[in-house]
1. Being in a strand (DSSP E or B) and surrounded by 16 or more Cβ atoms within 10 Å (Cβ to Cβ) is the filter here; which residues of the range 70-98 pass it?
2. Restricting attention to strands (runs of 3 or more DSSP E) lying wholly within the range 109-201, give those where 1 or more residues are surrounded by fewer than 16 Cβ atoms within 10 Å (Cβ to Cβ) and not basic (K, R).
3. Tally the residues that are in contact (Cβ under 8 Å) with a residue 12 or more places away in the chain and either among the hydrophobic types (A, V, I, L, M, F, W, C) or in a helix (DSSP H, G or I) (or both), restricting the search to the range 202-230.
Amino acid sequence: MPGLDSPAKSALVLSFAWALLPSRNPGCYNRMRMRRMRIAKACAEPNTYANPEALLHREAARGSFLIHVLVLNQNYEPLNVCHERRAIVLVDGGKAEVLEIDGLIIHSPSRSWRVPSVIRLNHLIKRPRPRVRLTRREVFIRDHHTCQYCGVHTKELTLDHVIPKHRGGRHHWENLVSACRSCNHRKGGRTVEEAKMTLHCPPVEPRATAEYLFQQYLDINTGWRKFIPA
């Protein structure tokens with residue numbers, strides 16, 4: 001196989017073996033067929049894909065050999081991420097236009113499609129403002145992994161309710177802060193004033209920017225950055 005060293009050849013063989021595994025779900029047949037054809041195309045036509053090894057590793061990094069496609073609203077606002085099959089259905093049905101091409105080709109018995117990387121809907125989707133999901137991880141990110149009482153930067157953080165729950169404090173952004181174990185133990189079930197402690201910054205709900213929401217995809221899909229406002 002031209003352009004592939006021994007480790008890449010082994011990975012390719014494993015990829016084909018994985019794609020050929022039988023499935024109890026008949027609907028998986030088309031997905032497996034497209035994956036096999038995509039890998040075979042990369043190896044059979046090195047002039048079309050200048051670096052099939054890079055293609056193979058990129059597909060593996062994306063997970064299950066599925067291609068992510070960025071979906072933009074009619075006003076170019078990033079909406080969500082879908083897989084290549086959904087994107088092709090939207091484009092083929094006249095509901096979206098292609099702005100960026102991935103470079104791969106998907107074949108059916110009668111047609112071929114160039115896989116899009118970015119599509120834009122032809123109609124405007126109205127939706128509420130996206131919000132950051134309230135989790136421990138997101139609270140720590142908001143607080144820059146810093147204790148909001150003593151200011152120490154550490155990975156050994158806990159969640160603290162500014163107004164304790166048994167005192168009527170709610171579990172929401174404005175009542176949750178990151179605290180080191182020592183400060184959390186010192187404060188206990190008291191309020192900040194009762195514990196004679198000080199909050200460095202008042203807790204607020206973080207803003208869900210497009211860059212924040214799509215950050216996990218930007219390392220692989222670098223061409224998306226021009227569509228994602230900072």
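1. Passing the criteria: L70, V71, L72, P78, L79, V81, C82, A96, V98.
2. Details: elements: 112-121, 157-161, 176-180.
Qualifying strands (runs of 3 or more DSSP E): 112-121, 157-161.
3. Residues that pass the stated criteria total 14.
Conditions (1) modelled with pLDDT of 95 or more; (2) of a type in the set (S, T, N, Q), marked per residue:
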site	(1), (2)
L157	yes, no
N175	yes, yes
G188	no, no
H200	no, no
A208	no, no
Y217	no, no
N221	no, yes
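The values are calculated or read from the model by the stated rules, or taken from the named source; none is laboratory data. Computed from a predicted structure; not experimentally measured. So basically every Cβ, Gly included, is an ideal-geometry build from the backbone, and we count neighbours across all protein chains shown.
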